[in-house]
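Below is one structure, written out as structure tokens; comments come after it.
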Amino acid sequence: MAKLIIEGGRALKGQITVQGAKNAALPILAAAMLIPEPVRIGNCPRLTDVEHMAGLLRALGCRADWTGDGLVVDAGCARTAALPEDLAGSIRSSVFLLGPLLGRFGAAEAPYPGGCDIGNRPVDLHLKGLRAMGVKVDEASGRIRCLGRPRGTEIALEYPSVGATENLLMAACGAEGDTILVNPAREPEIDDLMAFLNGAGFDLRREGSSRIRVRGGRRGHGTAHAILPDRIEAGTYLVAAAITGGHLVLRGARKEHLSALLTALKEAGCRIRSEGTDLDIEGPERPRELRRLVTLPYPGFPTDMQSQVFALCTVARGTSVLEENVFEDRFRHGAELVRMGADCFIRGRSAVIRGVKSLHGATVTARDLRGGAALALAGLRAEGITVVEQAERIDRGYVDFAATLRQAGAAIRREDD
Ligand code: UD1
């Protein structure tokens with residue numbers, strides 16, 4: 001068990017370099033399973049979720065070795081299509097392996113990913129798409145058993161699920177014939193996965209914003225790919241500057257992937273300038289309220305930034321309203337922030353946050369990855385000492401979170417029991 005101990009009240013100042021995106025690294029690592037030759041995945045963040053995915057690949061018989069900032073995966077010697085229960089249960093993205101395993105072996109078996117800490121997260125859209133591709137899917141006894149080589153077809157997603165889009169694209173690469181995915185997710189991580197697969201010899205193209213065409217029947221070959229910068233990590237540090245009235249330069253950020261967040265931060269009173277891949281942010285002494293912020297699939301405001309912005313709103317001058325439209329149980333940080341003096345009211349998918357002049361330190365618990373990061377951000381602003389317990393949850397999405405903030409002037413340390 002880990003905890004973060006934060007002494008609040010210091011404005012952040014300095015530079016932070018953005019790491020590779022977790023949500024691109026995970027599907028790209030899974031996609032390596034499609035390719036019977038070594039691939040190098042550079043700028044790969046060394047996160048617990050990434051280590052778990054590498055562990056899953058090894059359990060399936062692949063080699064996965066770190067060299068410098070990258071993981072080299074060789075799926076040439078993969079020998080099984082069944083994921084072990086103990087490892088696969090630990091991260092939801094193990095479900096991403098269904099598509100590539102089917103594409104490669106025409107068979108895949110994984111434990112049911114089940115619910116998780118931000119709400120019930122079904123995989124019905126993934127499985128419906130695979131069935132449409134002619135795969136036999138059996139969901140009895142808590143495991144998902146898939147059989148049959150996918151066949152290209154047209155699949156219309158009723159919701160642009162990120163994971164389902166990625167899984168079906170990977171299955172489609174190994175399919176016979178062309179697949180057209182209608183209403184796919186538009187997140188930048190999807191494009192990064194497509195760039196990786198195209199670099200490995202597959203053929204995936206967006207046709208406008210609402211279709212992706214994948215040509216089937218190709219064999220993948222070795223390639224090298226660098227993961228795109230993490231927009232959620234970048235966004236979290238932008239909020240760290242905003243909430244402390246600090247001044248940070250984020251290096252290697254892609255501002256075009258952060259539009260909805262940058263709009264919200266400007267509304268809150270931040271000054272933001274960009275030059276090349278540097279983003280320079282100056283936070284206000286006290287943020288302005290966000291009158292109505294709604295999370296939506298990309299390019300809408302990302303659900304993965306909702307908790308951090310929630311923390312910002314707790315110290316705003318007025319009342320903010322946040323609406324969570326992507327996950328049904330993603331306001332658990334609200335009750336923790338109340339322990340620190342926040343004034344908020346949550347009903348269903350909406351939160352009304354009346355800004356208070358100051359928060360005070362308290363012992364709080366990271367209930368999920370982004371919610372945990374949000375509590376640490378609130379702690380940077382609060383008067384006195386904040387202790388964030390179960391901070392290992394934050395490790396799932398941030399490389400050296402405490403050390404990065406410390407290097408920007410925060411008084412934060414980590415203790416591991
Ligand atoms: C991915 C991201 C996660 C982010 C989310 C939304 C990764 C590893 N994780 O998660 O950080 O918060 O996108 O941007 O990339 N749904 C169904 N049936 C399905 C699939 C999804 O009902 O088969 C629902 C989910 O319950 C949720 C919504 O669709 O309410 C969005 O989920 P989805 O876009 O699939 O997110 P993930 O891929 O799980």
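The values are calculated or read from the model by the stated rules, or taken from the named source; none is laboratory data. Remember, predicted model here, so these are calculated numbers, not experimental data. Here Cβ is always computed from backbone atoms with ideal geometry, including for glycine, and neighbour counts include all displayed protein chains. In case anyone asks, the SASA skips ligands and DNA or RNA and just uses the protein heavy atoms, side chains included. Shrake-Rupley method; radii C 1.70, N 1.55, O 1.52, S 1.80 Å.
Side notes on the structure shown:
- Largest GNM mean-square fluctuation across 204, 405, 296, computed for the chain with C-alpha springs under 10 Å, falls on 296.
- Structural descriptor for the chain: relative contact order 21 percent, calculated from alpha carbon pairs under 8 angstrom and at least 6 residues apart.
- Segment residue 67-residue 132, extension gain: residue separation times 0.36 nm, minus the distance between their alpha carbons: 19.5 nm
- C-alpha center-to-center spacing [segment 166-182, segment 285-348] in angstrom: 36
- Residue order for 336, 51 - accessible surface, 1.4 angstrom probe, largest first: 51, 336
- Evaluating 6.51 cos²θ - 1.76 cosθ + 1.60 at θ = phi - 60° for every residue in segment 166-176, the Karplus couplings come out as 5, 4, 6, 4, 5, 4, 5, 4, x, 7, 8 Hz, glycine and proline recorded as x.
- Normalised by 2.2 N^0.38 Å, where N counts its residues, the alpha-carbon radius of gyration of the chain equals 0.98.
- 1.4 Å probe accessible area per residue over segment 269-415, in Å²: 41
- Rounded, prolate or oblate (a/c below 1.5 giving rounded, otherwise prolate when a/b exceeds b/c) for segment 178-238 by Cα gyration tensor: oblate
- Burial ranking of peptide ranges 309-318, 183-192, 340-349, 56-65 (average Cβ count within 10 Å, highest at the top): 309-318, 183-192, 56-65, 340-349
- Projected label distance in nm at residue 1 and residue 224, using a 7 Å step from Cα toward the beta-carbon: 4.5
- R0 of 45 Å, Cβ-Cβ distance residue 211-residue 392: FRET efficiency to nearest 0.05: 0.65
- Counting only DSSP H runs of at least 4 residues, each contributing -39500 (n - 2.57), and dividing by the residue count of the chain, the helix-based mean residue ellipticity at 222 nm comes to -9000 deg cm²/dmol.
- Subtracting the Cα-Cα distance of residue 46 and residue 358 from 0.36 nm times their residue separation leaves 108.8 nm of extension gain.
- Distance in nm between pseudo-label sites at residue 323 and residue 385 (7 Å out along the Cβ direction from Cα): 4.3
- Heavy atoms of the protein chains alone define the surface here; on that basis segment 111-234 has 39 Å² accessible area per residue at 1.4 Å probe size.
- Candidate cross-link partners of residue 136 among the lysines, defined by an alpha-carbon separation under 22 Å and a same-chain spacing of 8 or more, comprise 128.
- The phi torsions of segment 255-261, fed into the Karplus equation with coefficients 6.51, -1.76 and 1.60 and a -60° offset, translate into couplings of 5, 5, 8, 10, 3, 5, 5 Hz, rounded to whole numbers, with Gly and Pro shown as x.
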